[in-house]
1. Quick one: which residue in 30, 37 is surrounded by 12 or more Cβ atoms within 10 Å (Cβ to Cβ), at pLDDT below 85 and touching a helix residue (DSSP H, G or I) at 6+ places or on another chain (Cβ under 9 Å)?
2. Right, residue 97: exposed (fewer than 11 other Cβ atoms within 10 Å of the Cβ) and either part of a helix (DSSP H, G or I) or modelled with pLDDT of 85 or more (or both) or not?
3. Can you confirm whether residue 74 is surrounded by fewer than 17 Cβ atoms within 10 Å (Cβ to Cβ) and in a helix (DSSP H, G or I)?
């Protein structure tokens, strides 16, 4: 008998792979972008099943929301006349893509089953902190743990890299405004 999380994983995984195939196989680019929304939502479902709630929320907000809307706006604002017909032509390099995908799939299968950090071999894997222990006690969920990692003065504090990343993003926004404004 199959348990509920495994059944949900297979349902979400089949929908995810199907929508990924629709993204690359649809002739209409708008339909392809809309199936990209389904792909991002199913990826968030996989993250939820892996107890990564924060990554799932970020996946929905940033990718399924902002990135997809940006892609759709870019498609609509370019005003190409053939948007309703064959707007996503087939690439002739599908054989090379198939070979690269097969190599990638083989390496993923190797990493899952026979790799050094495989979960198939008990007693191996990553350890946190010195001597395999955590420097801080683990909070009840991963969102609190991420907050503790970012802002805690006693545990691993990533405040400085977080602030440096925010300054870099601010410089990028100001640069985009300077480049984008009309003279």
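The values are calculated or read from the model by the stated rules, or taken from the named source; none is laboratory data. All of these numbers come straight from a predicted model, not from anything done at the bench. Cβ coordinates were reconstructed from backbone atoms using ideal geometry, including for glycine residues, and neighbour counts include every protein chain displayed.
1. Going through 30, 37 in turn, the sole match is 30.
2. Answer is no for this residue.
3. yes
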